[in-house]
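The values are calculated or read from the model by the stated rules, or taken from the named source; none is laboratory data. Because the structure is predicted, anything quoted here is derived from the model rather than measured. All Cβ positions, even for glycine, are placed from backbone atoms using ideal geometry, and neighbour counts span all protein chains on display. For accessibility, only protein heavy atoms count, side chains too; no ligands or nucleic acids. Shrake-Rupley method; radii C 1.70, N 1.55, O 1.52, S 1.80 Å.
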Amino acid sequence: MNWILTNKSTSALIWVALLCFTLSLAPTNAAAQERTASGSVEILVPWGIGGGADQLARETAKLLQRVGMPATVTNIPGRTGNAGMEKFLASPSDGLLVSVLTAETYCLLAYANPGWKPADVVPLAIMIRQPSAFFLPTSGSFKSWNEFEKQARQKPRSLRVAISGLGSPDYLMLQQLSLKGIQLTPVPFENPEQRFQAVLNGQADALYEQPADVATLLQGKQLQPVLFLASARVPAFKDVPVSSELGYGNGLAQFRAIVAKVGTDPRRVKALSQALDQIAETPEYRAFLTAHLATDGSYIPATSASAFLQQALKEMKQTVDTLPLHAQHLWEGQSVSEYIQPF
């Protein structure tokens, strides 16, 4: 058989091959177009199941369904949320995948380059802002912040605090306290449930968290808040002191945003942000904010979200600049695991 092809036959074969390739992509493109037409969205949570970011995503997904935008939730925990961010930023800019962005992950930008930058995301809304606190187990030997602080001063680094991750606002607060002579050892747990249980099973002596995230443990009187990181006392816990009263500053408030990837069609960004604005006005979401001790005016729409994030990053960088050298360069080309034991 003669396998030598003429130019005409070669062109024909190439055309057929391209046609077959195009047809093979048709179902995928059709599926993507169908999802876009239906307004469906997948919310990526760069943290484990059960924590505040996960609770926010699932409440948002539920309410988005009610306003005609089908939504699902996917969890990709790891590296203070950076594992999820890498997955998110590697996805197409089609608005079919959005991500929860928390203060913990955003804070990484205050150090060196964590592999992405603020311009890589388009904020759709700041969904919630809330205070954080130190919690102690009610069965433990410390019954107040004063007792805990006294031990920390007498035996530096002997007390361990379960935090969300190295480089997070949790970590920054511990470093700020160290400058005040209160030297604590950060113990990161990326999985929220492991972090909550660590303080109950002896893996940690205290927990840095938001009250609503451990509401069940508070109701069961297994944990008690002993210090809020805030400028004013929290009405629901008016007997608990705040950091500003003790000269430790106001702390860095927790926030959780939802973002799209830069390059997403502006029409899709508008549709997503308007859907979030819509659910923010529902009684269900307002009840969610109340239950999670959200600060007044907690929800910030897309029109003001970028300015909020810019100011938050400025404050984070100012805080980092005051920290010891090892804290300032935590993310500068070093493995996170290298920083767990030395502290």
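Within the accessible surface of the stretch 109-155, defined with a 1.4 Å probe on protein heavy atoms only, the carbon and sulfur portion equals 49 percent. In this structure, the amide hydrogen of Thr264, modeled 1.01 Å from its nitrogen in the peptide plane, lies closer than 5 angstrom to no residue at least 5 positions away or on a different chain. Of the cross-linked pairs Lys62/Lys270; Lys270/Lys314; Lys117/Lys314; Lys87/Lys261; Lys62/Lys314; Lys87/Lys117, those separated by over 22 Å at the C-alpha level are Lys270/Lys314; Lys62/Lys314.
The shape of the stretch 51-95 comes out oblate: with a ≥ b ≥ c from the C-alpha gyration tensor, a/c is at least 1.5 while a/b does not beat b/c. Once each part is reduced to its C-alpha centroid, what is the distance from the stretch 81-127 to the stretch 164-201 in angstrom? So the separation of the two Cα centres works out to 22 Å.
Counting only protein chain heavy atoms and rolling a 1.4 Å probe, the accessible areas of Arg195, Arg286 rank, largest first, as Arg286, Arg195. Taking the average, over residues, of other Cβ atoms within 10 Å as the packing measure, peptides 172-185, 296-309 rank 172-185, 296-309 from highest down. Of all aspartates and glutamates in the structure, the ones whose alpha carbon falls short of 18 Å from that of Lys317, not counting any fewer than 8 places away in one chain, are Glu104, Asp170, Glu332.
Distances between placed amide hydrogens fall under 5 Å for Trp116 paired with no residue 5 or more residues away or on another chain.
Taking amide hydrogens as placed 1.01 Å from N in the peptide plane, the amide H of Thr102 sits under 5 Å from those of Ala257, each at least 5 positions away in sequence or on another chain. Computed with the Debye formula from one identical point scatterer per Cα of the stretch 156-227, without solvent, the log10 of I(q)/I(0) at q = 0.11, 0.18, 0.26 Å⁻¹ comes to -0.25, -0.66, -1.26. Of all lysines in the structure, those lying under 25 Å Cα to Cα from Lys150, and not within fewer than 8 positions of it along the same chain, are Lys180, Lys221, Lys238.
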